[in-house]
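S.K.: Mind looking over this structure? Questions follow.
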Amino acid sequence: MIYEPSVVAVVVFLIFVGITLGLSFYLGSRAKSSQGYFAAHGQIPWFINGVAFAGDYLSAASFLGICGMIAFYGYDGFLYSIGYLAGWIVALFVVAEPMKRLGKFTFADALDAKFGSRGIKLAAGISTLAVSLFYLIPQMVGAGVLIQPLLGFPHWVGVLLVGATVIVIVVTAGMVSTTYVQFLKGSLLVVFSFVLTVIILTRGFEVKPGGNDGHAFRQLGPFPAETDINQWQLPSELTAASRLETRSDSDLPIVRFEDATLGRPSYWSLHPVDSDQVLLLEAQTLSRTEDGKTLVNGQIKGEEKGEPELHPIGHVSQLPGGATKTGPLGPLSFFSTLQDSEVVLWANQTVTDTDGQPITIFHQKPTPGSRVLRPGEHPRFKGIRSGQWTDKLDFLSLMLALFCGTASLPHILIRYYTVKDEASARKSTIVGIASIGFFYVLTLYLGLGAMTSGSLDVTNSNMAAPLLAKSISEWLFAIISAIAFTTVLGTVSGLILASAGAVTHDLIANFMGIQLSDHEKVRVAKIASVAVGAVAILLGIQFEALNVSYLVGWAFSIAASANLPSLVMLLFWKGVTRQGVIAAVVVGMTSSLGWILASGDTFSKVYGLPAESAWVPFSQPGIVTIPLGFFTLIVVSWMTRKTQDA
Amino acid sequence: MQTRNARIGFVLFLVYLMLYGGFVFLNAFAAESMEATPLAGVNLAILYGFGLIVAAFVLALVYGWLADQEGNHPNKEGGQ
């Protein structure tokens with residue numbers, strides 16, 4: 001798709017970033033001590049802190065990733081919403097008040113409160129850094145994805161811009177300004193998502209032959225599946241049919257025709273309707289010429305509107321009772337109407353063209369609403385419908401990691417130090433759950449609204465939410481993009497602060513035992529922020545091609561495996577020893593990281609090797625490594641306690 | 001370490017764990033049950049999903065309400 005920067009979008013965007021930076025400079029002048037820099041003097045009102053939780057938590061992955069996944073696959077993205085929210089229950093009921101009671105600046109403080117051990121500080125400090133970095137990469141990638149259509153810059157400029165802005169925010173002000181930026185962004189995100197949802201419901205559904213550019217995707221048939229294509233009654237403009245070679249037998253068959261209407265070949269998928277009939281559905285294609293130009297649907301991709309580009313997608317092909325338009329819908333009738341409709345989703349596969357070159361085919365997938373609204377359609381959730389126990393374990397493992405991960409994320413944990421007492425910690429978590437939960441309910445409407453908006457980019461699911469807004473108005477697009485961008489800014493600054501805190505307190509001051517004055521601590525933290533920010537920028541550019549929500553899954557698994565066992569056992573078992581905590585953090589962190597690096601997902605997406613050759617039976621580590629962390633803690637504590645007694 | 005709040009929190013946590021576990025296991029081992037439309041033509045997947053989000057909020061409010069009964073004492077444990 002061609003993204004033209006619009007003046008409105010750029011102006012609104014600059015105003016947003018300007019206000020954010022201004023606020024940050026203003027508040028920064030009020031925080032001078034390290035207590036102020038890392039914990040906002042513990043003086044943030046609980047309500048502000050609660051909404052700031054939402055700001056911290058609703059990252060680019062939540063907003064862009066979940067909406068995009070729902071828009072392209074249906075219900076499955078919502079499983080992430082459910083898991084991400086459920087994690088807050090662990091945070092509120094188990095972690096919130098003890099965290100506030102035991103710690104001062106960092107997560108390591110809380111773990112170490114009972115022992116005063118340098119080893120624990122080192123292990124927890126490193127795990128904080130590891131989790132933060134893994135969480136930072138997808139945020140930076142998300143920033144690049146956003147900047148591209150908004151301002152027309154290449155990916156790396158986007159990453160650099162976010163990185164630089166965040167470093168400025170963090171270095172000037174620390175936790176006070178980060179909190180207020182998060183508060184602002186959290187509330188705007190929830191409010192504007194609600195506005196979008198209301199518009200989606202008022203708009204209802206409409207049957208269309210294609211996306212918003214008016215292109216009607218052709219559909220022929222049904223034809224008998226068993227007979228040869230050349231015997232079908234095809235329109236006279238389609239001639240010289242040839243079946244293309246697919247990569248695997250489970251891929252849909254693709255047929256290429258010489259097409260007199262277009263004056264160039266067109267590509268069609270054979271879509272099975274029942275056991276013996278198929279529909280011929282017009283596909284879209286993406287390929288490269290020998291001199292490296294991008295071809296869309298057989299034409300050289302244009303650079304401005306009106307020139308050749310892939311057609312926007314996302315339309316309803318049938319409504320219940322043969323209606324063509326529903327008019328305004330209620331929050332429940334929205335689902336019950338969709339349940340009985342048919343939506344055209346899109347899938348893609350790469351085949352070998354007649355000239356031997358690879359060509360990417362985007363093909364239509366007419367899907368009944370009842371399937372769109374049921375879990376288990378996305379490949380990552382295949383465990384729901386597959387009979388294989390490894391797929392089931394993979395699904396259970398992911399849901400467990402989401403449940404346990406939230407309460408172990410360093411940038412969420414440090415937010416407990418910004419309020420004055422345990423009651424405020426509790427109240428702000430409740431406010432957080434309310435705003436985050438409300439937003440996650442909206443994600444299902446936003447995703448399904450985008451799915452039927454006729455404005456999606458078939459190559460990029462991350463852009464679903466902003467493009468949905470664009471299908472309504474340019475202003476809304478500008479505002480939503482700017483919010484999404486500040487979302488990235490906010491989450492990144494929280495993460496960088498968490499890492500800087502870990503470096504300053506856990507590694508330098510406590511582990512290396514270097515005495516720092518209050519003023520020096522802040523300065524070291526600022527230098528650490530710049531360093532972590534620079535690393536994040538480099539990784540964000542490096543990992544451009546990786547899926548955003550996939551990377552966030554890594555961070556959750558590592559956080560849950562490394563941090564949660566010690567955090568929970570410290571609260572519920574008196575027998576925990578210093579060595580037990582260190583062992584649990586180290587084993588949890590290395591085993592989950594190792595598992596991820598050896599998994600089929602990483603093999604196929606990162607190394608480019610076949611997923612079957614992976615060293616572990618399924619991709620999500622949580623179900624093995626979280627219990628392993630608990631087990632290690634208990635065994636090592638038990639062993640070392642014996643020796644201490646003796 | 002077992003304060004009244006921690007005990008209440010633990011019980012409420014178990015309640016939610018059963019609700020969430022029920023959802024995850026239904027999906028994993030009885031996926032077709034999610035396609036049933038028990039209410040207003042909306043399927044169980046959406047109703048249960050929304051239910052989990054509302055339940056989280058309700059349990060959070062219950063916790064906030066019960067925990068407040070004993071008053072707010074910052075650092076009640078003497079700060080360890």
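S.K.: Answer yes if at least one residue in the stretch A:273-292 is in a loop (DSSP other than H, G, I, E, B), on the phi > 0 side of the Ramachandran plot and within 30 Å of the chain's Cα centre (by Cα), and no otherwise.
M.R.: No: the stretch A:273-292 contains no residue that is in a loop (DSSP other than H, G, I, E, B), on the phi > 0 side of the Ramachandran plot and within 30 Å of the chain's Cα centre (by Cα).
S.K.: Among the listed residues A:A425, A:A498, A:A509, A:A469, which satisfies the condition of being assigned by TED's automatic domain parsing to the domain that holds A:L122, in contact with a Leu (Cβ under 6 Å, 6 or more places away or on another chain) and crowded, with 24+ Cβ neighbours inside 10 Å?
M.R.: Being assigned by TED's automatic domain parsing to the domain that holds A:L122, in contact with a Leu (Cβ under 6 Å, 6 or more places away or on another chain) and crowded, with 24+ Cβ neighbours inside 10 Å holds for just one of A:A425, A:A498, A:A509, A:A469, which is A:A469.
S.K.: Then there's this: From the list A:G314, A:G298, exactly one residue is in contact with a strand residue (DSSP E or B) (Cβ under 8 Å, 6 or more places away or on another chain), open to solvent by less than 60 Å² (accessible area, probe 1.4 Å) and without any contact (Cβ under 8 Å) to a residue 40 or more places away in the chain. Which is it?
M.R.: Step by step, each of A:G314, A:G298 is checked, and only A:G298 is in contact with a strand residue (DSSP E or B) (Cβ under 8 Å, 6 or more places away or on another chain), open to solvent by less than 60 Å² (accessible area, probe 1.4 Å) and without any contact (Cβ under 8 Å) to a residue 40 or more places away in the chain.
S.K.: Kindly establish whether A:I558 is modelled with pLDDT under 85 and either open to solvent by less than 10 Å² (accessible area, probe 1.4 Å) or in a loop (DSSP other than H, G, I, E, B) (or both).
M.R.: So A:I558 fails the test.
S.K.: Name, by its number, the condition in (1) within 9 Å of chain B (Cβ to nearest Cβ); (2) at negative phi that does not hold for A:G376.
M.R.: Evaluating A:G376 over (1) within 9 Å of chain B (Cβ to nearest Cβ); (2) at negative phi leaves (2) as the failure.
S.K.: Restricted to the stretch A:436-463, and to residues that are open to solvent by 10 Å² or more (accessible area, probe 1.4 Å) and part of a loop (DSSP other than H, G, I, E, B), which residue is modelled with the highest pLDDT?
M.R.: The extreme case among them is A:T452.
S.K.: Does the stretch A:260-276 contain any residue that is of a type in the set (F, W, Y), at pLDDT 80 or above and under 30 Å from A:G330 (Cα atoms)?
M.R.: no
S.K.: Looking at this structure, is A:L85 in a helix (DSSP H, G or I), within 12 Å of chain B (Cβ to nearest Cβ) and crowded, with 24+ Cβ neighbours inside 10 Å?
M.R.: Here the answer is yes, as A:L85 does meet what is asked.
S.K.: Working only within the stretch A:379-390, note down all residues that are open to solvent by 10 Å² or more (accessible area, probe 1.4 Å) and facing another protein chain (nearest Cβ under 9 Å).
M.R.: Hit for the stretch A:379-390 is A:R385, nothing else.
S.K.: Considering each of A:V145, A:V51 in turn, give the residue that is closer than 19 Å to A:G490 by Cα, more than 10 Å from every other protein chain (Cβ to nearest Cβ), open to solvent by 10 Å² or more (accessible area, probe 1.4 Å) and touching a Gly at 6+ places or on another chain (Cβ under 6 Å).
M.R.: On inspection, the qualifying residue turns out to be A:V51.
Yes or no, residue by residue, for (1) in the same structural domain as A:G302 (by TED's automatic domain parsing); (2) closer than 13 Å to A:I361 by Cβ; (3) surrounded by 18 or more Cβ atoms within 10 Å (Cβ to Cβ):
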| residue | (1), (2), (3) |
| --- | --- |
| A:I229 | yes, no, yes |
| A:A241 | yes, no, no |
| A:D259 | yes, no, yes |
| A:Y267 | yes, yes, yes |
| A:D274 | yes, no, no |
| A:T289 | yes, no, no |
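S.K.: Among (1) in a loop (DSSP other than H, G, I, E, B); (2) open to solvent by 50 Å² or more (accessible area, probe 1.4 Å), there is one condition A:V576 misses while meeting the rest; what is its number?
M.R.: In the conditions (1) in a loop (DSSP other than H, G, I, E, B); (2) open to solvent by 50 Å² or more (accessible area, probe 1.4 Å), A:V576 misses (2) alone.
S.K.: Let me ask something else. Can you work out which of the residues in the stretch A:605-646 that are surrounded by 16 or more Cβ atoms within 10 Å (Cβ to Cβ) and either touching an Asp or Glu at 6+ places or on another chain (Cβ under 9 Å) or not assigned by TED's automatic domain parsing to the domain that holds A:A562 (or both) is nearest to A:V552 (Cα to Cα)?
M.R.: A:Q620
S.K.: For residues in the stretch B:1-55 being among the polar types (S, T, N, Q) and within 21 Å of A:T337 (Cβ to Cβ), which is least open to solvent (accessible area, probe 1.4 Å)?
M.R.: Here the residue is B:N43.
S.K.: Any residue at all in the stretch A:90-108 that's within 11 Å of chain B (Cβ to nearest Cβ), in a helix (DSSP H, G or I), surrounded by 24 or more Cβ atoms within 10 Å (Cβ to Cβ) and of a type in the set (F, W, Y)?
M.R.: For the stretch A:90-108, residues within 11 Å of chain B (Cβ to nearest Cβ), in a helix (DSSP H, G or I), surrounded by 24 or more Cβ atoms within 10 Å (Cβ to Cβ) and of a type in the set (F, W, Y): present.
S.K.: Could you say which residue among A:I433, A:I414, A:I361 is over 30 Å from A:A500 (Cα atoms) and surrounded by 22 or more Cβ atoms within 10 Å (Cβ to Cβ)?
M.R.: A:I361
S.K.: Condition first: crowded, with 16+ Cβ neighbours inside 10 Å and not in a helix (DSSP H, G or I). Now tell me which residues in the stretch A:515-542 satisfy that.
M.R.: Of everything in the stretch A:515-542, just one residue is crowded, with 16+ Cβ neighbours inside 10 Å and not in a helix (DSSP H, G or I), namely A:L516.
S.K.: Pull up the stretch B:63-78, narrow it to residues that are more than 7 Å from every other protein chain (Cβ to nearest Cβ) and loosely packed, with under 15 Cβ neighbours inside 10 Å, then point me to the one that is modelled with the lowest pLDDT.
M.R.: It comes out as B:G78.
S.K.: Could you check A:G330 against (1) in a helix (DSSP H, G or I); (2) open to solvent by 10 Å² or more (accessible area, probe 1.4 Å) and say which number it fails?
M.R.: Of (1) in a helix (DSSP H, G or I); (2) open to solvent by 10 Å² or more (accessible area, probe 1.4 Å), only one is false for A:G330: (1).
S.K.: Condition check: under 19 Å from A:L442 (Cβ atoms), at pLDDT 80 or above and of a type in the set (D, E, K, R). Does A:K185 satisfy that?
M.R.: Answer is yes for this residue.
The values are calculated or read from the model by the stated rules, or taken from the named source; none is laboratory data. From a predicted model like this one, the values you see are computed outputs, not experimental measurements. Neighbour counts are summed over all protein chains in view; Cβ atoms, including those assigned to glycine, are modelled from backbone coordinates with ideal geometry. Side chains are part of the model used for accessible areas, which takes the heavy atoms of the whole protein and leaves out ligands, DNA and RNA. Shrake-Rupley method; radii C 1.70, N 1.55, O 1.52, S 1.80 Å.
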